[in-house]
Amino acid sequence: MAPSVASEQRLVKTAKIDVIIPLRMGERYVYDFSEGSDLGRDLLGGKGIGLAEMTAIGIPVPAGFTVTTAACAAYMKEGRRLPDGLEDEVAEHMSRLAETAGKRFGDSKDPLLVSVRSGAAVSMPGMMDTILNLGLNDDSVLGLAERTGNARFANDSYRRLIQMYGEVVDGVDGHLFEEALSKLKDSRGAALDVDLSPEDLAELVQTFKKIYETETGRPFPQDAREQLSRAVRAVFESWDNPRAQVYRRAHHIPDDLGTAVNVVQMVFGNKGAQSGTGVAFTRDPSTGEQGLYGEFLADAQGEDVVAGIRTPEPITAMQTALPEAYDQFMENMRRLEEHYRDMQDIEFTVEDGRLYLLQTRSAKRTAAAALKSAVDMVAEDLISREDAVARIDPGQLDQLLHPMIDPSSAIEVVAQGLNASPGAASGKIVFDADTAVEKASGGDDVILVRWETTPDDIHGMIAAKGILTAHGGMTSHAAVVARGMGKPCVAGCEALSVDHAAKKASLNGHDLGEGDVITIDGGTGRVILGPVDLVPPQINEDFETILGWADDMRRLKVRANADTPEDAAKAREFGAQGIGLCRTEHMFMAEDRLPVVREMIMASGEEERRRALDKLLPHQQADFEGIFEAMAGLPVTIRLLDPPLHEFLPPLDEATDDKMRERIRALQESNPMLGTRGCRLGLMWPEIYEMQVRAIVRAAIAVEERTGNAPLVEIMHPLVGFGEELKRLRAITVATAAEEREIEYQIGTMIELPRACVRADEIAEHADFFSFGTNDLTQTTLGLSRDDAEGKFLTRYLEDGVLERNPFETIDQGGVGDLMRIAVERGRSVKHDLKMGICGEHGGEPQSVAFCHELGLEYVSCSPYRVPLARLAAAQAALKESGIEAVAAGG
């Protein structure tokens, strides 16, 4: 029996996450698959816990053991030194494995071979490293050939080990091995690896050994235990390789989790016609439809499938080639989905007709597939509605809100590939990841075109609008990563040939170069020459069902930031429960109004200024009428003019006359964003706010008379820092509104200054509501200019770990969040029913939404297209409070 977790480990708090570090007493770093099923994902990693649980429920799994994430954490902490006792533990477990397998590790006649695989607690597909066939050497490869009667298989396994070991452990450039393999195939007239003879592969082994020795300065290691020790270190090291770091930053995975290492008895899919390997999903990861979905390669090892080295066949081909193994596989798939109550992504190998499952995990899937599978599993009584809502990634819903190809567009489809990840994108062709980043940073939309992507392309895949590959299947690296990112991908496009060195491609006879524009449709697999008109997507029934369930579970209301009737209508279509921020300055920038605004700014006195404002009033009223009608019966928060007046004037060198130049100079400030803007404008020139209030009231009256539906009006004064400011502005607002016909309205302020937070009780005396403007509150609290920080040092801060998250994307809970908490407590100490919400861009970001739920705010407000995300995130925050945690797919 394995000791309890509690007796063997303690949690050490860090700034980022709880890291598991074993206690010195009874310290243990290694667990057999047969004893680890209750130890948890944090300790064993996703792959390790999956193997342990499959072993526990009787799934056919090769024997092996897991070196825990705690060992990796200790290795990193101790300066890249294996922790004391680890090598002895590994040796002990290797002895047990040898006893189970009936073979000896390093034996020259019948060797025990193992794979060494990474497995972090959070799924990071393709980001870290694997080594297969470990334990082979010059003697044991001969013994393996004799024992199996298959020299081709033995030499094929050895050449794979040398290449993987060279790349992963010693950093040898993998292209050197690939070039040698290609040259040999060309010289033999072989189209595929499997066409090479045993003698060809024996020659390739010698070539690979020479490459290894040339690049490393030493011969390929012949001692199996040395191979294993260095492989474990290499997998630990791969946690910090560049592509893994990029992936973690993109997916907000903490750097200090570390990876487990799984040492697994090798089973061989490359032993001939009765062997093979494959990857399968219990449901379609693109659509969520029920039914077997996957790919199979006869006489191959697993890396051949995921690396796109050979184009696999549909998994139904396995039914003909290996019927008994196929039937057994179908039964085990059913058992695993019922056990985990989620769509599974399964890797398997068949060796001489015998089935082994190498891995299972919750499948990476598109948003459409996530929604459909969740809805269907509720109908199948596998999960509850609460489980269904909790498991959808709010950020992933963005996939369903992306444009699609306009069906009425005239398009030239020149090629067809696999519809690997849905959505459509147009962009300029780039052929490498670095160029993708460079061009995207310059504002270009790009499509990354590759023979097949590798994990090292991750930064380019993040930058690109879509990915097109010539090779690889639905489970290739490009397909899996693109689906996880929500980017369109067309894979395995056989009509595409790519010359990366020359930066050229041919697509069904059409010659293309870098910068040429193509369009890909990841939903159909079509590749189209030139740009194509895109249209907004249609939200399907599964989408509406999940959001309907979410609405029943959430407490937070969700509003939208909208400045036009069109935006307001779109927000309502997406389920917004009102407008949390209508920015009136955007209305002043219209071509027919800007001259009048400038006339108001240039006025020589109040009387002349009021005449100009009288011209603006009907335009403002019309704006508000359109928005009130679009949001009939729902609250609308209108923010009075906020930016400094100089923003409405041209640059000094474009001034039309001396009077304008003089006015521009008079309005210039050293730090205008902390100068005469917001409520200060209303106090300096109250006639501006009077005009806006009058337009709001008249619009409300007009809409009520026209529709019989009175709008719920909320008038918001920006940038208030002192109670006296809001007191005076409230008096101006009330007096102006009283001059019109009486309507119901509320008066509040946007909380966006630290002083407003700590003196919220003083401000609440004169407010009916607070709305946190977290964009400016973040800038004023942290002393960061968003434009300057994001364009300069903030990226470096995130890369170097100075900051874990961009505070302009996710609320800085330790600073900005604490001020918000103070504002809530002090504001409601004066008015316990004071309405509070958030209208900064954080209102559509899931972690920030959860924080707003925790604070007890009444609503969040975000851009119209993020309203569905916020609705789901608000429900998940409520579920978490009740003990139901969100579970990310793909772990």
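No value in this document is a laboratory result; all are computed from the given coordinates. Note that the structure is predicted; figures quoted are calculated from it, not measured. Cβ sites come from the backbone with ideal geometry, for glycine too, and all protein chains shown count toward neighbours.
What to note about this one:
- Given 209/504; 487/835; 831/880, the pairs whose alpha carbons are separated by over 31 Å: 209/504; 487/835
- Shape of the range 258-355, Cα gyration tensor, a/c cut at 1.5: rounded
- Of interest is the spacing of the C-alpha centroids, which for the range 713-735 and the range 46-112 amounts to 67 Å.
- Straight-distance crosslink candidates among lysines, where the alpha carbon sits under 23 Å from residue 210 and sequence neighbours closer than 8 are dropped: 183, 185
- Net +/- balance of residues flanking residue 143 in space, Cβ distance below 10 Å, scoring K and R +1, D and E -1: -2
- Stretchable slack from residue 669 to residue 615, in nm (0.36 nm times residue separation minus alpha-carbon distance): 16.6 nm
- Calculated FRET value between residue 504 and residue 324, using beta carbons and R₀ = 56 Å, to 0.05: 0.70
- Amide H partners (placed H, <5 Å) of residue 421, local residues excluded: 489
- When the alpha-carbon atoms of the range 359-403 are used, the pair Rg, Dmax equals 11.2, 35 angstrom.
- Calculated log₁₀ intensity ratio I(q)/I(0) where the Debye formula runs over C-alpha points of the range 490-540, q = 0.23, 0.32 Å⁻¹: -0.95, -1.39
- Nearest-0.05 FRET efficiency for residue 734 and residue 881, computed from C-beta distance (R0 51 Å): 0.85
- Simple label model, 7 Å out from Cα along Cβ direction - residue 710 to residue 647, nm: 3.3 nm
- A crude spin-label estimate for the pair residue 793 and residue 444, with each label 7 Å from Cα along the Cβ direction, gives 3.2 nm.
- Additional length obtainable on full extension of the chain from residue 566 to residue 809, 0.36 nm per residue less Cα span: 84.9 nm
- Relative protection proxy for 551-559, 664-672, 289-297, 739-747, from highest mean packing down: 551-559, 289-297, 739-747, 664-672 (other beta-carbon atoms within 10 angstrom).
- Taking every alpha-carbon pair under 8 Å whose residues sit at least 6 apart, the range 35-137 reaches a relative contact order of 26 percent.
- Phi angles across the range 271-285 convert, under the Karplus curve 6.51 cos²θ - 1.76 cosθ + 1.60 with θ = phi - 60°, into 3J(HN,Hα) values of 9, x, 5, 8, 10, x, 8, x, 10, 9, 10, 6, 9, 5, x Hz, Gly and Pro given as x.
- Added length on full extension, which subtracts the Cα-Cα distance from 0.36 nm per residue, residue 800 to residue 352: 156.3 nm
- Estimated distance in nm for a label pair at residue 656 and residue 524, the labels positioned 7 Å out from Cα along Cα-to-Cβ: 5.0 nm
- Phi angles of the range 850-862 translate, via the Karplus equation with coefficients 6.51, -1.76, 1.60 and θ = phi - 60°, into HN-Hα couplings of 4, 5, 5, 4, 4, 6, x, 5, 8, 7, 10, 10, 8 Hz per residue; Gly and Pro are given as x.
- Part-to-part distance (alpha-carbon centres) for the range 832-876 and the range 694-710, which is given in Å: 28 Å
- Prolate/oblate/rounded call for the range 111-235, Cα gyration tensor, a/c under 1.5 rounded: prolate
- Förster-model FRET efficiency, 25 Å R0, residue 541 and residue 290, C-beta, rounded to 0.05: 0.95
- Each Lys and Arg adds +1 at its Cβ and each Asp and Glu adds -1 at its Cβ; summed about the Cα centre, the chain shows a dipole of about 1160 debye.
- The chain: angle of helix 198-216 to the longest principal axis, Cα-based, in degrees nearest 10: 60 degrees
- Shape call, the range 794-891: gyration tensor on alpha carbons, a/c limit 1.5: oblate
- For residue 792, the lysines whose Cα comes closer than 19 Å to its Cα, not counting residues fewer than 8 places off in the same chain, are 439.
- From the alpha carbon centroid of the range 147-189 to that of the range 202-238 is 12 Å.
- Under Karplus coefficients 6.51, -1.76 and 1.60, residue-wise ³J(HN,Hα) of the range 741-751 in Hz, glycine/proline x: 5, 5, 9, 8, 7, 10, 10, x, 9, 8, 8
- Within the chain, DSSP assigns beta bridges of which about 65% are antiparallel (rounded to the nearest 5).
- Paramagnetic label zone (point 7 Å from Cα along Cα-to-C-beta, residue 604; backbone N under 17 Å) in the range 663-703: 663-664
- Each eigenvalue of the Cα gyration tensor of the range 705-785, multiplied by 5 and square-rooted, gives one semi-axis; in descending order these are 28, 15, 9 Å.
- Tail fraction, Cα-Cα pairs, the chain, threshold 49 Å, whole percent: 30 percent
- Net charge, residue 669 excluded, C-beta distance under 14 Å - Lys, Arg +1, Asp, Glu -1: +3
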